[in-house]
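Written below as structure tokens is the structure these notes are about.
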Amino acid sequence: MKLPEILLSTVMSFAALLVAPHGAVAATAGKSGDDNLILASGGETDAVVVVSPQSGEYEKRAAADLAKYVELLCGARPRIANEPATVEAALKGSQPVLIVGREALRINAGLESSLNAVLKKKPHLRTDGIVLRRAGNRVYIAGNNDRSHYFAVAELLRQWGCRWYMPTEFGECIPEEAELAVGELDFAWSSPFEIRSYWISWVGDTSGAEEFQLRNMLTGRGDLPPTGHALGQYTKGLGKGTFHFPITSAETAAHVAGQVEKLYASGQDFSLGMEDGSYDSDDPRDQELMKLQWDKYFLRWSVTDPMLELYNNVARILRKKYPQSDARIGFLAYANMTLPPVRDMAAEPPLFCELAPIDIDPIHGMDDPQSPPRREFRDMLEKWATVMQGRLCVYDYDQGMLVWRDIPAPSHQAFRQDVQHYRRTGILGVNTESRNAIATTFLNLHLRARLLWNPDANVDELLAEFYETFYGPAAGPMSEYWNAIFQAWEETIVTEHEYFIAPAIYTPELLKTLRTKIAEAERVGAGIEAGGSLSRNEKLYVQRIRVARLMDDILQGYLAMVRAASSECDYAAAVKHGEEALAVRDRLTDLSGIFTTYRGYNAEQNGYAWWPGEVRQYRELQPFVDGTKGQLIARLPLEWAFRRDAEGKGLERGFASEPVDLTWWKAHRDELTLDSRRNDPDEWEMLRTDLYVQAQGIRHPDRQSYTGHLWYRTDIELTDDEVQGAPHVRFPGVFNECWLYVNGEEVAHRKQGALWWLNDYRFEWDVDLTGRLKPGRNVLAVRCNCEHHFGGMFRRPFVYAAAKE
């Protein structure tokens, strides 16, 4: 479905118009011509908004918001006719009439055929279409359902230049016009997606969220049957517990069906979604089906084949018993049921699925050669869409929902690719889980909404329009600011998620550029303020520049904290940077709760995974270097010799003790790039200890995240005094199961959960080296067994003398 040329020409003209001075231009919806219908001019209007006396909830809101935004656009509010007598009078008059919703469909019978021409054929849940048409002094604005009537009004307002980039007035951009008009207008459109939704989790601030979603043509997920964690209540008493029971057993299907049959019989939708964890079974049939495929993401056998068989068996029982029921049953493809079934299977008609790829690269698109996991997800999507015969919705995770910091994490670079595959495979759509922390998500939700409404929308054009509209005179430096961030995310080789990736993307060079651009924008803001009395939009430009400064201060402060701790072992400085940045975060949150998400979330105050917990960890490390619990002997080198050992034969090859030969490294290091470094030279290299290995280019040749053993080697020179007492080596941040060798001898072994997120998020390892070191040169070797994603060290280690108790 292509946008008509008339709309494209309208949209293309707005970037130049939206920031023009008040009264300098006229905003025209549709194609401007000699017979434009003038709705308002010079701050006056006699236009009337007509809406049915029996209007629905959204239809009524659409009429009210149309009048509201016309006034914001041009200073004059049209009156609303919503009673039989006022409607009849308005329709008899010669003044401009904006006819909304069912009244438009009643009066103009041709609108319905235009809608039917664009609506999705045979939808599973819903379809949303809009039509805008001008005939003489009348403008018809309607959709095919109550919510779509609002979407139609939102589209008309968009054609006049209105934008809603973020919730609340902060993200609202309404140009000031001397004249408002409608030209030649005949437009109909329907999204290919039935579900276009996001929801706010983890005590996120919902201020303005409902209005934001409506004005960006989002549906919510209310038409989709529930898919949340629910299965446990229906399998209670079976097997060994919630996550361990005979899955494909006929008795299990009968038991579950018996628990839910009243719901199904009454036509009520319900969920059989798996609980939040991985499943297992001792049943021979289940074991056979599970071993059809290994789930490398959750490091266990997949339960998809047996679990889908259970769902099908339950659905068959219920359909046979209650053939007239139209109840729908939702479930999650999640945890070790994320992979599609190996067997050729078709889900029973009542079943609807949400595919929730929680641990698959959220940064890259499905066509990006840098991300094998996303290309794998493309294949998973296609298979699930076939299995579900289109009754599939993607449960998308915006990066900010995961364990992150309040710093930008754009995702449009991925979504602009992915939405094409969502359309191609014919799925229902996307339901995004987000924390709505604008300091993190920024334009993510807006651009998702635009692409779900029209997958052919040009993201680059949308961004160019955004800078001009949102920042006004500061568009230049702010576009350079955000484009630098977007480019860094677009070009990164990182496929992991959560805050450990931040220093790989926000390099010192990038941070310096960002600081420069913010300063330039602030000078523009100061110039705006110096102009005297400010218009509504000028006040918003100034406010947005101030928010950008606070966001940048948080970003700069967080990365300064990370550098001090991870690169310099300067924990006092790290705590100072962290506390200062958290104070800025408080100031930003005081402006509006939409910018961050942490107040009221108790875990953030206590858990090491969260930013205050990270500061706490550095505060707790400081006593080991300042003489309180220990005295610093030496910061170990920032760069260590490094060797890959995918086959696990490094010990017998002497990696712990034999001399390190860096001949290859010295000859080739200058020609290596992050991308080319994926090829294993089977030679010693040099690698930093303040960033995990994959982010430094250590991957498999096919660009998969490196898994297998890996070795670090360094030497340390110690005096007689330093080896006396109780010397320790502390690794403040190291993933994986590890072994430490000193002078060729194994001295310690650290066990660690293979799934990195199931550990304590401090990732520390302290080893007592009493009696293990000698005066002079000592050889330290660390072997890590990276089984999943993150590998190796990410904070520089140090040696200290433990204080006597």
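The values are calculated or read from the model by the stated rules, or taken from the named source; none is laboratory data. Being a predicted model, the structure only gives us computed values, none of them experimental. Cβ: placed from backbone, ideal geometry, glycine included. Neighbour counts: every protein chain shown. Protein only, heavy atoms only, side chains kept; ligands, DNA and RNA dropped before computing areas. Shrake-Rupley method; radii C 1.70, N 1.55, O 1.52, S 1.80 Å.
One table, with the values for the structure above:
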item: Whole-percent pair-distance distribution, where bins are 5 Å wide, for the alpha carbons of the stretch 674-751; result: 3, 10, 20, 22, 17, 13, 7, 4, 3, 1
item: The chain - mean residue ellipticity at 222 nm from DSSP helices (-39,500 (n - 2.57) per run, n ≥ 4, rounded to 500); result: -11500 deg cm²/dmol
item: Solvent-free Debye scattering, log10 I(q)/I(0), computed from the Cα coordinates of the stretch 562-699 at q = 0.11, 0.20 Å⁻¹; result: -0.65, -1.13
item: Distant alpha-carbon pairs in the stretch 543-636 (separation over 20 angstrom), percent; result: 42
item: Dipole magnitude (debye, nearest 20) for the stretch 43-153, charges at Cβ of Lys, Arg, Asp, Glu; result: 440
item: ASP456-ARG77 pseudo-label distance in nm [points 7 Å out on the Cα-to-Cβ vector]; result: 3.9
item: For the stretch 482-605, diffusion coefficient by Stokes-Einstein and Kirkwood Rh (Cα), 20 °C, 1.002 mPa s, µm²/s; result: 131
item: Reference-scaled alpha-carbon Rg (2.2 N^0.38 Å with N residues) for the stretch 542-582; result: 1.30
item: Test item: Cα-centred dipole of the stretch 363-513, Lys/Arg +1 and Asp/Glu -1 on Cβ, debye; result: 460
item: Hydrodynamic radius of the stretch 249-408 per Kirkwood, over alpha carbon pairs, in Å; result: 16.8
item: Solvent-accessible heavy-atom area per residue, rounded to whole Å², over the stretch 241-287 at 1.4 Å; result: 42
item: For the stretch 238-305 and the stretch 517-533, distance of Cα centres in Å; result: 60
item: Highest average packing first - 390-397, 759-766, Cβ atoms within 10 Å; result: 390-397, 759-766
item: Percent breakdown of C-alpha pair distances by 10 Å bin, ordered from the shortest bin, for the stretch 727-778; result: 22, 49, 23, 6
item: DSSP beta bridges in the chain [antiparallel fraction, %, rounded to 5]; result: 65
item: Estimated inter-spin distance, GLN704 and ALA346, nm [label 7 Å along Cα→Cβ]; result: 3.3
item: By average C-beta atoms within 10 angstrom, highest first, the peptides 622-633, 44-55; result: 44-55, 622-633
item: Whole-Å semi-axes of the stretch 64-170's equivalent ellipsoid (Cα gyration tensor); result: 23, 21, 11
item: Pairwise Cα inverse-distance average, inverted: Kirkwood Rh of the stretch 151-295 (Å); result: 20.1
item: Solvent-accessible surface (1.4 angstrom probe) belonging to ARG619, in square angstrom, nearest 10; result: 110
item: 18 Å tail of the calculated P(r), the stretch 213-281, as % of Cα pairs; result: 47
item: For the chain, the fraction of alpha-carbon pairs in successive 20 Å shells from zero, as %; result: 14, 40, 33, 11, 1, 0
item: Solvent exposure of the stretch 440-533 as accessible area per residue, Å², 1.4 Å probe; result: 33
item: Accessible area of the chain belonging to carbon and sulfur atoms, whole % at 1.4 Å probe; result: 49
item: In degrees, nearest ten, helix 5-17 long axis to first principal axis of the chain (Cα); result: 70
item: Reciprocal mean inverse distance between Cα atoms of the stretch 333-489 - Kirkwood radius, Å; result: 16.6
